[in-house]
Amino acid sequence: MLFGADHPMTVEELCTALKLRGEGAAPDTPEAIFAQTGVREVRTYLEDIGATLSHVDLGIRLCEEDGRFSLRTVPAAAPWVRILLKHEQPQRLSRAALETLAIIAYRQPVSKAEIEAVRGVSTDHTVRALLELNLVRTVGRSELPGRPFLYGTTSTFLEHFGLKNIKELQES
């Protein structure tokens with residue numbers, strides 16, 4: 001299911017798919033047996049798959065971001081996959097973008113004024129670029145006068161930097 005999915009899937013989505021496939025299946029068939037699989041079992045299977053893929057050099061790995069799982073190629077395979085898919089080299093983030101992104105990641109939710117106070121320069125263009133790259137998003141508005149937007153990171157940010165969740169950032 002992870003291989004064919006067009007988006008990272010939660011454990012609950014995987015369980016639902018198993019149950020839906022098993023509805024009306026004859027007893028003792030693989031479909032009926034898989035339909036009985038619970039959340040804890042699916043999580044255990046995912047851990048086993050992830051461990052196996054990390055020990056076997058197949059060029060793919062199991063990734064988790066915010067409790068959603070997907071299969072991805074290993075970073076070392078990127079040049080070949082890029083040729084296959086006819087994608088250009090990904091754009092590198094500028095130093096200003098990386099600094100701004102780090103401030104947002106560590107202090108989220110954070111306003112543009114707070115980011116500028118740390119960096120000491122205007123961040124209009126940089127924040128706009130990060131929004132366009134879907135690395136940050138608006139997460140609300142501040143209660144301060146003028147109700148400025150508050151910014152936080154996205155699942156694309158987690159995926160790009162290989163993090164399961166934002167808590168891993170504070171642990172490193």
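What follows is calculated from the coordinates using simple rules that are stated; it is not laboratory data. Being a predicted model, the structure only gives us computed values, none of them experimental. Every residue, glycine among them, receives a Cβ derived from its backbone with ideal geometry; neighbour counts consider all protein chains shown.
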* In nm, to one decimal, how far is the modelled label at His7 from the one at His55, with both set 7 Å along Cα→Cβ? -> 3.4
* Asked: So for the pair Lys164, Arg128, with labels modelled 7 Å out along Cα→Cβ, what separation do we get in nm?
  -> 3.9
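Evaluate the relative contact order of segment 9-85 (contact order divided by residue number), counting alpha-carbon pairs under 8 angstrom at least 6 apart; express in whole percent. Let's see the in-between values first.
Numbers: 69 pairs, mean separation 19.6, N = 77.
Answer for segment 9-85 is 25 percent.
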* Asked: Do any of Lys19/Lys167; Lys112/Lys164; Lys86/Lys112; Lys19/Lys86 go past 30 Å between their Cα atoms, and which?
  -> Lys19/Lys167; Lys86/Lys112; Lys19/Lys86
* Got the relative contact order for segment 95-171 handy, in percent, Cα pairs under 8 Å and 6 or more residues apart? -> 31
* **D (Stokes-Einstein, µm²/s), Kirkwood Cα radius, the chain, 1.002 mPa s at 20 °C** => 113
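What number, in percent, do you get for the relative contact order of the chain if the mean sequence gap of Cα pairs under 8 Å and at least 6 apart is divided by its residue count? Intermediate results must be reported in sequence, preceding the final value.
Numbers: 192 pairs, mean separation 29.5, N = 172.
It rounds to 17 percent for the chain.
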* **Paramagnetic reach from Ala17 (point 7 Å along Cα→Cβ, amide N under 14 Å) across segment 29-63** => 35, 42-43, 46, 63
* Asked: What nm distance separates the two modelled labels at Phe149 and Arg92, each placed 7 Å from Cα along Cα→Cβ?
  -> 2.8
